[in-house]
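Novice: Can you keep this structure in mind? I'll have questions shortly.
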Amino acid sequence: MRVRDVHLSGIGSVVPPVFPVERAVAEGLYPALEAEAHEFLGVAVAGERPAPDMALEAAQSAVKRALVEPAELSLLLYTNTWHQGPDGWPPQAYLQRHLVGGRVPAMSVRQGCNGMFDALELATCYLRAVPDRESALLVTADNYGTPMIDRWRVSSGMIGGDAAVAVVLTKNPGFARLLSVTSICLPEGEELHRSGEPLFPPTVTTRRPQDFPARYEHYRTNPPGGAGVLSRIPAVMLELVETAVSEAGIGIKDVAKVAFETHSREVVEQRVMVPLGLDMTKSTWEFGRRIGHCGAADQFLALEHLLTTGGLNPGDHMLLLGQAPGLVLSAAVVRVLEIPEWTV
């Protein structure tokens, strides 16, 4: 979707203290061979701090930086990849109570690690639908420190970090402009992330841990009829990027930085940067390897990091990329208009 009238005016985050990979190896939490192969340095660990609490802090920072009154927002979208609190309780209600109030519509977006991309698209359409709607708050947060998942084995070539990030999207001027956002789904591959598991009862109700590596192995050894879809992912990724940059009115060589979800260096390099013809120095891997894969927050954590460390300049274009169960591939392009004052 081509976007011309929507900006980013605020961004805030919470990144807890980092647990070093060296310590994880020494304590037997993470295999030494995987540490060597994947080159992570650590993961952000929130301890017992609830994800919605981190989300609230990140959201407070974002709206403060955006210079908007929380109650004047037109929409709140909350996305996550892991459990947030008591079953049956909506975490967005927590932010309604403590930040935006009950007259701001608050909804949950469920698209796994690509949740913020869907939130971008939905919020853009929502704001453009009615002239009086000005700004929306997009929030995501996760804490993987629970018995039902092993953060050191979240997925192949991936370790799970805890974090929250919030973004204010607005039709008013902002520090960056959203130029495009788009997704492509390969539904033939949806079985990859459930292979070998029953649809009922839901695994969380039987206290069966989430184990993506085991499901991937079952899928590999028991390939369904649509298993060939996995070989199409590289070509679809290229198609997605070509669409995103074309709708943004630029070429791939005009991209200053690429933020992909935090996988191992090999995955980021071989699945993303090499096919795009871009050097790894244009990726945000060096940032991500220090905190791990933080659910749907990776790309916007990287954006904030680049803004505050001088990694982006006015006029630069940043490509945000993600892949989620479903299978869903998503992309967005933003152009930095100015370096916001809050980065100083």
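Novice: Can you compute the radius of gyration and Dmax for the range 84-157, using only the Cα atoms, both in Å?
Specialist: 15.3, 47
Novice: Can you pull out the trypsin sites (Lys or Arg not before Pro) in the range 66-145 that DSSP calls coil and that have at most 16 other Cβ atoms within 10 Å?
Specialist: Here the trypsin sites (Lys or Arg not before Pro) that fit, given the DSSP loop and packing criteria, are 103, 110, 133.
Novice: Taking GluC sites (Glu not before Pro) that fall in a DSSP loop and have at most 10 other Cβ atoms within 10 Å as cut points, what is the longest piece of the chain between them?
Specialist: For GluC sites (Glu not before Pro) (loop position, at most 10 other Cβ atoms within 10 Å), the longest site-free span of the chain is 49-344.
Novice: Measuring from centroid to centroid over Cα atoms, what is the spacing of the range 76-135 and the range 298-344 in Å?
Specialist: One Cα centre to the other: 20 Å.
Novice: Could you calculate the contour length gain from residue 339 to residue 37, that is, 0.36 nm times the residue separation minus the distance between their Cα atoms, to one decimal place in nm?
Specialist: Once the chain is fully extended between residue 339 and residue 37, it gains 105.1 nm.
Novice: Shifting gears a bit: Sticking to Cα atoms, compute the Rg of the range 148-188 to one decimal and its Dmax as the biggest Cα-Cα distance, whole number, in Å.
Specialist: My reading of the Cα-based Rg and Dmax gives 16.9, 43 Å.
Novice: Among 212, 300, 117, which one moves the most in a GNM of the chain with springs linking Cα atoms closer than 10 Å?
Specialist: 212
Novice: Normalised by the empirical 2.2 N^0.38 Å for globular proteins, what value does the Cα Rg of the range 180-257 take?
Specialist: 1.50
Novice: Cut-off 10 angstrom, C-alpha nodes, Gaussian network model of the chain. Which of 146, 205, 284 fluctuates the most?
Specialist: Highest fluctuation of the listed residues: 205.
Novice: Identify the trypsin sites (Lys or Arg not before Pro) of the range 176-231 meeting these criteria: DSSP loop state and at most 10 other C-beta atoms within 10 Å of the C-beta.
Specialist: Answer by residue number: 207.
Novice: Roughly how many Å² is the accessible area per residue of the range 36-177, as a whole number, for a 1.4 Å probe?
Specialist: Ligands and nucleic acids excluded, the result is 41 Å² per residue.
Novice: Now a separate question. Over all distinct alpha-carbon pairs, what is the Kirkwood Rh of the range 10-87 in angstrom?
Specialist: Its Kirkwood hydrodynamic radius stands at 15.2 Å.
Novice: Go ahead and estimate [θ] at 222 nm for the chain from helices alone: -39,500 (n - 2.57) per DSSP H run with n ≥ 4, summed, over the residue count, rounded to 500.
Specialist: Mean residue ellipticity at 222 nm (helix-derived): -7500 deg cm²/dmol.
Novice: Grab every C-alpha pair in the chain, bin the distances at 10 angstrom width from 0 up to the longest one, and report whole percents.
Specialist: 6, 26, 36, 25, 7, 0
Novice: Continuing with this model, one more query. Please list the equivalent ellipsoid semi-axes of the range 233-312, computed as the square roots of five times the alpha-carbon gyration tensor eigenvalues, in descending order and whole angstrom.
Specialist: 20, 15, 12
Novice: Related question: Taking each pair of different alpha-carbon atoms in the range 117-216 once, compute 1/r for the pair, average those values, and report the inverse of that mean as the Kirkwood hydrodynamic radius in Å to one decimal.
Specialist: 17.0 Å
Novice: Could you calculate, for the range 305-344, the ratio of the Cα radius of gyration to the Kirkwood radius, expressed as Rg to Rh?
Specialist: Radius of gyration relative to Kirkwood radius: 1.13.
Novice: Oh, and also: Across 10 Å bins from the origin, how do the percents of Cα pairs in the range 1-154 run, short distances first?
Specialist: Reading upward from the zero bin: 10, 35, 29, 17, 7, 1.
Novice: Any idea what the dipole of the chain comes to, in debye rounded to 20, about its Cα centre with Lys/Arg Cβ at +1 and Asp/Glu Cβ at -1?
Specialist: Its charge dipole is roughly 420 debye.
Novice: Here is a further query. Return the long-range amide H neighbours of residue 176 (sequence gap of 5 or more, or a different chain), with a cut-off of under 5 Å between placed amide H atoms.
Specialist: 8, 337
Novice: Skip the ligands, DNA and RNA, and give the accessible area per residue of the range 209-344 with a 1.4 Å probe, whole Å².
Specialist: 40 Å²
Novice: So what's the projected area for the range 38-125, the Cα convex hull averaged over all directions, in nm²?
Specialist: 7.4 nm²
Novice: Taking every pair of distinct Cα atoms and averaging 1/r, then inverting, what Kirkwood hydrodynamic radius in Å comes out for the range 186-344?
Specialist: It works out to 17.3 Å.
Novice: Out of the total accessible area of the chain (probe 1.4 Å, heavy atoms of protein only), what percent is carbon and sulfur?
Specialist: Roughly 52 percent, rounded to a whole number.
The values are calculated or read from the model by the stated rules, or taken from the named source; none is laboratory data. In this text, all values refer to a predicted model and were calculated from it rather than measured experimentally. Heads up, the Cβs are rebuilt from the backbone with ideal geometry, glycines too, and the neighbour counts pull from every protein chain shown. In case anyone asks, the SASA skips ligands and DNA or RNA and just uses the protein heavy atoms, side chains included. Shrake-Rupley method; radii C 1.70, N 1.55, O 1.52, S 1.80 Å.
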